[in-house]
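The values are calculated or read from the model by the stated rules, or taken from the named source; none is laboratory data. The structure displayed is predicted, hence computed values, not measured ones. Quick reminder, even Gly has a Cβ in these numbers, built from the backbone with ideal geometry, and neighbours come from all protein chains shown.
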Amino acid sequence: MKFKALLTADGVNLLDKRFLPAMDKVGRICLMYLTKEHTMFLHNLSPSFGGGDGVQCIAQFRKDVIFTDYRISSQNNDRIAFVIDIALLHRALRSAVSILRSGGGGVGDELHIQIKLVKKLPAGAAHALPYLSFETKGYKSAVIHDVPISKPLSRPDVIELQSALDASRDIPETLVQVPDMIHLQNLVDKLRNVGELLNVSITQYGDLHLHVSTSLITVGSEFRKLKVLGIRADAPNANQNLTPSSRIETAIQRGAAQTVQVNMKHLAKSLNCHMSKPDAAFYGIAPMGACLTMIFQFFIPGTRQMDNSISLHCRLPVLDTGSA
Amino acid sequence: MAAMAADDNDKPDLVCHLDSVQGMVDALTSVRWKKHQDAVMELSEHGIVLIVEESGCLQAKVYLKRELFVLYDYSAEGRPRFGVSLGLLVDSLNTFSSPGYTPVIEIQYPGPDMQLLLKSVDSPYACTYAEIRTRIPDTISWDYNFETTGNVPPRFTLKSALLKEAIDDLEWPGSSVEIILKPDPPSVTFRSEGHGDLEIEFPYYGSTELLIGFHCGHLVSHRYKYKFLGAATKHIPSSVLKDNRGSKFTIGRGGMLKIQHLVSVGRIVRNQHFFGDPVTSGNQQPSSRIAYIEFYVKPEEEED
């Protein structure tokens, strides 16, 4: 099992400034999954790999986005997965960058941060342990940072991981584009004071409705006429004069909407993905109300064209209310 | 005619529009001294009054005059009163405000189920709303009628920032604070004894910029529980401190203390014109859009 690659300047920026802070907020411990074509950071993908009933978060990069001189080999069809502490990974990366900068080199073409899997015998230990090692060569010095990782996943575990990953890629039939991510994040921060359970409704007309309801108060927000991907329908004219709640009820009766209840903490945690600076966000509800899916889009810099080499999405578990 | 009469009956007691949610949040937060706190709201043609009470010894009132609202459509007869959770009201008002965005919100009472309804009305395609359950208000157990002694009661006005700092400092010595007004030389002293002694004196002629107004014909001294004075100053909004406003203390019959703060409820920049009724809109100058906050603190009973 071998893995060795050089980090690109863009990759360092993407990880350091955007994705690692975001992923760290979602959960400190994650799975890092390397394949011949992709590098992935996975949260809560499956209970077998330390995941519980929390937010699933999947960030995927095509290998050339963050690496160059990429070499990987393993008996699991050249796939390697291990558990890593994102905060430690981020610390090692930042440290490597600072060494390059302090040495007079900028984060530019001369960037030389090599990342590789190693096994080392720590002082006082009987057995060698696995590490993800960062080797930084500045002008005057070379520094090695070893980030401890779990023992890489076994062949059956990697196969199970891959199938869990494939299953997580199911896209809801209807997705609506969130109008203003900052406003939404701010709203959810405020709604957290009101209650712990959030009802999320999405219609084929392009409506997104969030509301918290307790015995004393109902607070909600409705966004209408949003961009719809997938199955869409025209809103009936009579819709205009209804209250947000009755609009959703009518849409559900017509089979044009779905409602799920999610944990407010899960939603707030997922919204940390905004730290990765996505250009657009789409929300959808999986068939049978299985989960709430958030898909974040990234554009190729300077264009409005989607960058297929980076993807990020979250799946929020739906609370069993008995009415799903 | 019958249809018109029916329409009139359906008309809520109050529909008003507010363009400064943050100002209202500030004003209401200043009387929120604990997380779960019940309040009574009283509506009238002059505006809205929110009343909060604690242990029969402290009462606070927030006066939101009709001029603070860009629209104030009052249709009730008499003065409707209802109980509401202050915490929920503040938290739900907070959901409307976000940095860089000042929505116009509509406040309506009652809703179909006697709720207090709030909703944003400035965008056809995005709406935030809240429905807050109300209850039959508690009877006020103790009447806080503030009666003055003589024509001009003892009073003084301190800069709010200074007052807050002084009351914060008085926390450590003990559970009660004596307020002493001396006419000659004119000065105000806050004195607290307990684990230690702390006395903070504001001589009138020493710092006229801090002690702004002072009137006292004879020596006046009363003790108040620290927790009530603390409640009256703990949540003075930062806008009051920034505006360099003063807080006015007046001592009434029996030592009843009235503390008044002024909170700006005006928008700093009016970048849009709302389609509200110009007659009821009132003066839109931010400086005149002030919410009055009053605390009434009962003195500690004298030991014989």
Identity of the residue in the range B:137-168, at pLDDT 90 or above and more than 20 Å from the chain's Cα centre (by Cα), that ends up farthest from the other protein chains (Cβ to nearest Cβ): B:Pro154
Qualifying residue in the range A:168-188 (condition: within 14 Å of another protein chain (Cβ to nearest Cβ), surrounded by fewer than 20 Cβ atoms within 10 Å (Cβ to Cβ) and on the phi > 0 side of the Ramachandran plot): no
Which numbered condition B:Pro124 misses (of (1) more than 19 Å from the chain's Cα centre (by Cα); (2) surrounded by fewer than 20 Cβ atoms within 10 Å (Cβ to Cβ); (3) not polar (S, T, N, Q); (4) not in a loop (DSSP other than H, G, I, E, B)): (4)
Qualifying residue in the range B:22-37 (condition: within 23 Å of B:Asp73 (Cβ to Cβ), touching a Leu at 6+ places or on another chain (Cβ under 7 Å) and not aliphatic (A, V, I, L, M)): no
Residue satisfying condition, being under 27 Å from A:Phe41 (Cβ atoms), away from chain B (no Cβ under 14 Å) and part of a strand (DSSP E or B), within set A:Pro148, A:Pro122: A:Pro148
Leading residue by the ranking (nearest to the other protein chains (Cβ to nearest Cβ)) among those in the range B:78-91 that are of a type in the set (Gly, Ala, Ser) and over 13 Å from B:Gln115 (Cα atoms): B:Gly87
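Could you run through the range A:261-320 and say how many residues are polar (S, T, N, Q), closer than 14 Å to A:Gln185 by Cβ and in contact with a Ser or Thr (Cβ under 6 Å, 6 or more places away or on another chain)?
Step one: list which residues in the range A:261-320 are polar (S, T, N, Q), which gives A:261, A:263, A:270, A:272, A:276, A:293, A:297, A:303, A:305, A:308-309, A:311.
In the following step, the residues that additionally are closer than 14 Å to A:Gln185 by Cβ were identified as A:270, A:272, A:276.
Narrowing the set further to residues that are in contact with a Ser or Thr (Cβ under 6 Å, 6 or more places away or on another chain) leaves none.
So the answer is 0.
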Among (1) surrounded by 19 or more Cβ atoms within 10 Å (Cβ to Cβ); (2) touching a strand residue (DSSP E or B) at 6+ places or on another chain (Cβ under 8 Å); (3) closer than 27 Å to A:His211 by Cα, the one test that B:Val90 misses: (2)
Index of the failed condition, A:Glu110 passing every other in (1) at pLDDT 95 or above; (2) more than 15 Å from the chain's Cα centre (by Cα); (3) not polar (S, T, N, Q): (1)
Qualifying positions in the range A:226-284 - in contact with a Cys (Cβ under 7 Å, 6 or more places away or on another chain) and free of Cβ contacts under 8 Å to residues at least 40 places away in the same chain: A:Pro244
Unmet requirement for A:Ala235, which otherwise passes all of (1) of a type in the set (A, V, I, L, M); (2) at pLDDT below 90; (3) assigned to a helix (DSSP H, G or I): (3)
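Conditions (1) surrounded by 14 or more Cβ atoms within 10 Å (Cβ to Cβ); (2) at pLDDT 90 or above; (3) not assigned by TED's automatic domain parsing to the domain that holds A:Ala286, marked per residue:
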{"position": "A:Ile80", "(1), (2), (3)": "yes, yes, yes"}
{"position": "A:Leu100", "(1), (2), (3)": "yes, no, yes"}
{"position": "A:Gln114", "(1), (2), (3)": "yes, yes, yes"}
{"position": "A:Ala126", "(1), (2), (3)": "no, no, yes"}
{"position": "A:Ser141", "(1), (2), (3)": "no, no, yes"}
Residues satisfying the stated conditions in the range B:71-118, i.e. closer than 22 Å to B:Gly266 by Cβ and either β-branched (Val, Ile, Thr) or without any contact (Cβ under 8 Å) to a residue 24 or more places away in the chain (or both): B:Val90, B:Thr95, B:Ser98, B:Pro99, B:Gly100, B:Tyr101, B:Thr102, B:Val104, B:Ile105, B:Ile107
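Quick check, is A:Ile285 of a type in the set (Val, Ile, Thr), surrounded by 21 or more Cβ atoms within 10 Å (Cβ to Cβ) and under 20 Å from A:Pro179 (Cα atoms)?
On the way: of a type in the set (Val, Ile, Thr): yes; surrounded by 21 or more Cβ atoms within 10 Å (Cβ to Cβ): yes; under 20 Å from A:Pro179 (Cα atoms): yes.
Against the criterion (of a type in the set (Val, Ile, Thr), surrounded by 21 or more Cβ atoms within 10 Å (Cβ to Cβ) and under 20 Å from A:Pro179 (Cα atoms)), A:Ile285 qualifies.
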